[in-house]
1. Conditions: (1) open to solvent by less than 70 Å² (accessible area, probe 1.4 Å); (2) within 14 Å of the chain's Cα centre (by Cα). Ala7 meets all but one. Number of the miss?
2. Scan (1) touching a helix residue (DSSP H, G or I) at 6+ places or on another chain (Cβ under 6 Å); (2) modelled with pLDDT of 80 or more for the single condition Val70 breaks and write down its number.
3. Give me a count of the residues in the range 12-34 that are exposed (fewer than 13 other Cβ atoms within 10 Å of the Cβ) and not hydroxyl-bearing (Ser, Thr, Tyr).
Amino acid sequence: MRTQDEAAIVACIPSLRRYARGLVSDATRADDLVQDTLERAWSRFGMWQRRGDMRAWMFGIMHNRFIDGVRAGRSRPEDSVGDELPEIPQRATQADRIEVRDLDRVLQRLPPEQRETLLLVAVEQMSYLEAAAIMGVPVGTVMSRLARARERLRAELQGGAPAAQPAVTLRQVK
């Protein structure tokens with residue numbers, strides 16, 4: 001491995017940590033997810049296609065590790081999620097901390113596929129195409145998940161339930 005490649009992996013760590021915190025909402029579990037991702041990337045570095053984007057490759061590894069964890073978690077009782085305030089040293093006011101805590105709790109209530117889509121596109125500023133490649137889904141699926149996640153997030157932050165689709169009543173025409 002070249003020094004340049006090592007530097008590229010290290011440069012991904014802040015983004016990976018931010019994404020992991022958004023996915024699992026627990027600092028310890030997020031650090032474990034980042035560690036697992038880095039170990040897997042390091043041990044499988046020879047599999048990386050140099051023509052591809054290393055950041056997208058690393059996020060793809062994290063996505064797969066997260067999904068594996070979600071699947072494994074279905075067979076055991078749910079862990080308490082979203083009970084801790086995130087560490088945010090730059091945001092000093094009490095109101096800011098409450099807003100961040102509320103946002104984090106709402107994020108954790110989103111289905112995992114919507115949460116990871118929202119984090120990749122809105123927080124990590126990846127294109128729909130990059131997010132689709134990372135998650136292994138079509139671009140249209142990314143767009144649909146993102147729209148549903150944004151709607152649910154908006155509704156829950158405003159204190160209501162997500163808007164249900166209006167019932168379509170058909171009338172019989174003779």
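The values are calculated or read from the model by the stated rules, or taken from the named source; none is laboratory data. Since the model is a prediction, treat every value here as computed from it, not as a measurement. Glycine also receives a Cβ, built like all others from the backbone with ideal geometry; neighbour counts cover every protein chain displayed. Ligands, DNA and RNA are stripped out before the accessible areas are found, and what is left, the full protein with its side chains, is counted by its heavy atoms. Shrake-Rupley method; radii C 1.70, N 1.55, O 1.52, S 1.80 Å.
1. If we test Ala7 against (1) open to solvent by less than 70 Å² (accessible area, probe 1.4 Å); (2) within 14 Å of the chain's Cα centre (by Cα), just (2) comes out false.
2. (2)
3. Qualifying residue count, the range 12-34: 1.
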